[in-house]
Structures are given as structure tokens and as C-alpha cells.
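Trainee: The structure under discussion is supplied below as C-alpha cells; questions concerning it will follow.
The values are calculated or read from the model by the stated rules, or taken from the named source; none is laboratory data. What you see is a predicted model, and the numbers here were worked out from it, not measured in a lab. In this analysis, Cβ positions are derived from the backbone assuming ideal geometry, glycine residues included, and neighbour counts consider all displayed protein chains. Quick note on the areas: whole protein, heavy atoms, side chains included, nothing else; ligands and nucleic acids left out. Shrake-Rupley method; radii C 1.70, N 1.55, O 1.52, S 1.80 Å.
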Amino acid sequence: MEAADFMPDEADIAGIKRNLEAYEVGRAAAYRQVRWRVPLFISLLLVFVALVAWLFNTVADPYERWFSTPHVLLYVVGFVAAILLYFQAIKPASTLQQSFRKTLLPIIFGFIEDMRYQHEVTPNSFDRLPRETIGTFNSKRFDDIVSGRYEGFPFELYEADLRQGTGKSGTIAFKGIVVAFETIVPFPGILVAARRTDVAVGFFRGMFASKMQELSCGVPELDAAYDFRTDNVEAAQPLVSGRLARALTWLSETWPDDPARVALNGGDGFLLLPQTKDFFDLPKSVPLDYAKHVAPMISDMGAMLATAALVRKIGAKDEAAG
């Protein structure tokens, strides 16, 4: 399937460009507003902190002026307030971007039926994603979520950032795109293909080691790169040695930097595509251009859904898969 199969026709492109023009007017106005809001908000805060600190000096020990305990607490509170004020100051630009996504995404992704857009909520399918695919994490964040139907099957696509630990010592369990979909034939159990270098390895050897068994697909390159695990070896082995191995070989060529992960859980299939960039990100300080910013997004979305359509056929018979 070619990228051109997902691209809108000339009439739709003209409509998208009209929306881009309207967005550009609002973006430029919002950006101008942000440029004065940020320095104004921060300046007022600094003046307030300096005034309160000077008042503290009138009652502080002469040797502790500007650095007494109340001063230090004031500076900490001021720093936190500065962060909150910054995000409040840029709110016009971020609000405009979110409203634009809700308006434009259903238009540019015209090949998606019954499309729905959400933001920063937990996806419906996330609780069904086998944890063996991602390993342990104690913090989760979801950005943009798109759901609908592609080639007749329902799907949910979302940006996920899952981490274990906090601060610089924390590790990323998974960051990228998750595509959840219905499989053609439900798998009787759980089947996971995850990279051996992922944090999921330690997870497998821990609490799930007793019920998840390791498999081999018979392809040396894949067995060296992937950790295949299942709680139903009899049902999983033909898939691991067959369609799943072929799909992973194709995926390793399509997503070479950090290859995809695949999981089956009953009638649910999951395709995980690691990436660091914000897939739905729109520029805030430069004009939005269809060819540069929108067309690549359409092409990438089509490629991810076409890949999910391939993966969902893993357990199907040849007639159904065709």
C-alpha cells in the first residue's frame, strides 16, 4: 500500500489549506499574546518576591538578610510559582493548538471512519495491554488519542510515555505510539514479542516468569533480537514460527531505529512503535505549512494503520487474512 492511498483529494486539500490559513491568523495572534504575557507575568512575580524579601529583611538578623529561612522558603515558592505562571502565560497558544487538532484531524485523516480525538485521558484499551510488553512502570502519561475504524476494523491509537522511577535516575519503559485493534481470530491467551534489550526482560524474569514461557521462532536474527513469551505454547508456536516472524521481519525494515513490539491478548492486538517525537505536534512559532507539517502526518498515520492491519492477520487462516 502506497502513501498516496491515504492522501486527501484536491478538494479536501483545498479545505485543509483554508483551515490552515484560519489557524495561522489565530496562531500569529496567540504567539504575539504569549510574547508579552510571559515577561509580564514573570516580571510581576519577581517584583512581588523582591518586595516580600525586603520586608523580611526588616525583621531578620542583620547577618541573615536575603538568606534567612523565610527568605529561602520564599524563593522556593517563587520558583514554583514562576513555573505555573509560565504555563499560564503560554496557555493561549496551547489552547489554540488543541482546538485546531480537534477541528482539523478528522478532516486530514479522511480515510479513518468515525474518527474521535481525545487528549490526556487514559485510553480504553490500555488496561488490556499485556504488561509483559512494556515491563514495570510507576508513572504514565498519555498525550493525543485517535480512535475510529480503518478498513472496517476498530482501533485506538495513542501516544504513551511510561516510566519507572523518577528524575534522572528513572528509566523509560516505553515512549511512542501504541495502536490497539481487534484481531481477526482471537488468540487463546497472551503472546508477546518484545525487544530483549527492553526493561521488560527483568520483568519477565520476575513476577511473570512462572506463567509465561519463552519461545523461539527459528529465525536466528529475530530470536537474537526478540523475546517471545506466551502462556499458551501450543497455540503460540505456529504463529511465532509463521506469520508473526514474517511480520516482525517486515517491521524491522520499516522501523529500523527502535523496532516495534507486538502483543496479542485474546481478541485484542497491540502494535507498539517506539519514538521520541510528538507525533501530533504542531509548530507554535512558525507558520503551519501543508506540505511540510500536515502531509507527512497523514502519510505516517496511514503507514501505522496499514501495519496494524497486517499484524491483526497473524492468527487468521489464509482465506480470512486475504
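Trainee: Over the chain, calculate the relative contact order: mean separation of alpha carbon pairs under 8 Å at least 6 apart, over the residue count, as a percent.
Mentor: Relative contact order here is 18 percent.
Trainee: Related question: Per residue of the chain, what 222 nm ellipticity follows from adding -39500 (n - 2.57) for every DSSP H run with n ≥ 4, rounded to the nearest 500?
Mentor: Result for the chain, helices only: -14500 deg cm²/dmol.
Trainee: Using only Cα atoms, find the angle between the long axis of helix 69-89 and the longest principal axis of the chain, and express it within 0 to 90 degrees, rounded to the nearest 10.
Mentor: Result, in degrees: 60.
Trainee: What nm value, rounded to one decimal, do you get for the distance between ARG116 and THR276 when each label is placed 7 Å out toward the C-beta?
Mentor: Between ARG116 and THR276, the simple spin-label model gives 3.4 nm.
Trainee: Taking 1 over the mean of 1/r across every pair of different Cα atoms in segment 228-273, what Kirkwood radius in Å do you get?
Mentor: 11.4
Trainee: Same structure, new question: Considering only protein heavy atoms, with the full assembly of protein chains and a 1.4 angstrom probe, order ARG229, ARG246, ARG65, ARG196 by accessible area, largest first.
Mentor: ARG246, ARG65, ARG196, ARG229
Trainee: Also: Between Rg and the Kirkwood Rh of the chain, both from Cα atoms, what is the Rg to Rh ratio?
Mentor: When Rh is taken as the Kirkwood radius, the ratio is 1.10.
Trainee: What base-10 log of the normalised intensity I(q)/I(0) is obtained for segment 29-117 from the Debye formula, alpha carbons as equal point scatterers, at q = 0.12, 0.14 Å⁻¹?
Mentor: -0.57, -0.65
Trainee: Also, I was wondering about something else. In square angstrom, rounded to the nearest 10, how much accessible surface does ASP12 have for a 1.4 Å probe?
Mentor: 70
Trainee: Tell me, what is the Rg over Rh of segment 58-202, with Rh the Kirkwood radius over Cα pairs?
Mentor: Here Rg/Rh amounts to 1.17.
Trainee: Related question: What distance in nm lies between label points placed 7 Å from Cα along the C-beta direction at ARG128 and PHE87?
Mentor: Label-label distance for ARG128 and PHE87, simple model: 3.2 nm.
Trainee: Related question: Just subtract the alpha-carbon distance of VAL59 and GLU151 from 0.36 nm times their residue separation and send over the number in nm, one decimal.
Mentor: The span from VAL59 to GLU151 would gain 25.8 nm if fully extended.
Trainee: Moving on to the next point. Give the carbon-plus-sulfur fraction of the accessible surface of segment 113-312 in %, rounded to a whole number; probe 1.4 Å, heavy atoms of protein chains only.
Mentor: 50
Trainee: Kindly state, to the nearest 0.05, the FRET efficiency for ASN232 paired with ASP143, given R0 = 35 Å and r defined as their beta-carbon distance.
Mentor: For R0 = 35 Å, the calculated efficiency reads 0.55.
Trainee: I would also like to ask the following. In nm, what is the difference between 0.36 nm times the number of residues separating ALA291 and ASP258 and their Cα-Cα distance?
Mentor: Additional length available on full extension: 9.2 nm.
Trainee: Test of understanding: in a Gaussian network model of the chain with alpha carbons linked when under 10 Å, which of LEU305, LEU96, LEU44 would top the mean-square fluctuation ranking?
Mentor: Sorting by GNM fluctuation, first place goes to LEU44.
Trainee: Please get the size of the charge dipole for the chain, origin at its Cα centre, with Cβ charges of +1 on Lys and Arg and -1 on Asp and Glu, quoted in debye to the nearest 20.
Mentor: 1100
Trainee: Moving on. If I fit a long axis through the Cα atoms of helix 91-108 and take the longest principal axis of the Cα atoms of the chain, what angle between them do I get, 0 to 90°, rounded to 10?
Mentor: The answer is roughly 20 degrees.
Trainee: Moving to a separate point now. Measuring from label point to label point, each 7 Å out along Cα→Cβ, what is the ASP9 to SER241 span in nm?
Mentor: Spacing of the two 7 Å Cα→Cβ label points: 4.9 nm.
Trainee: Karplus couplings for segment 248-254 from phi (6.51 cos²θ - 1.76 cosθ + 1.60, θ = phi - 60°), rounded to Hz, Gly and Pro as x?
Mentor: 5, 4, 5, 5, 5, 7, 7
Trainee: Quick one: length gained pulling ARG196 to THR249 fully straight, 0.36 nm per residue minus the C-alpha distance?
Mentor: Taking ARG196 through THR249 to full extension adds about 17.5 nm, to one decimal.
Trainee: If you find the alpha carbon centre of segment 243-312 and of segment 75-151, how far apart are they in angstrom?
Mentor: 17
Trainee: When the Karplus curve 6.51 cos²θ - 1.76 cosθ + 1.60 is applied with θ = phi - 60°, which whole-Hz ³J(HN,Hα) does each residue of segment 29-45 get, with x for Gly and Pro?
Mentor: Whole-Hz 3J(HN,Hα) from phi for segment 29-45: 5, 5, 5, 4, 5, 5, 4, 9, 5, 4, x, 5, 4, 5, 5, 4, 5.
Trainee: Give me, ordered by chain and number, the residues 5 or more places off ASP227 or on other chains with an amide H under 5 Å from its own placed amide H.
Mentor: ALA194, ARG195, ARG196
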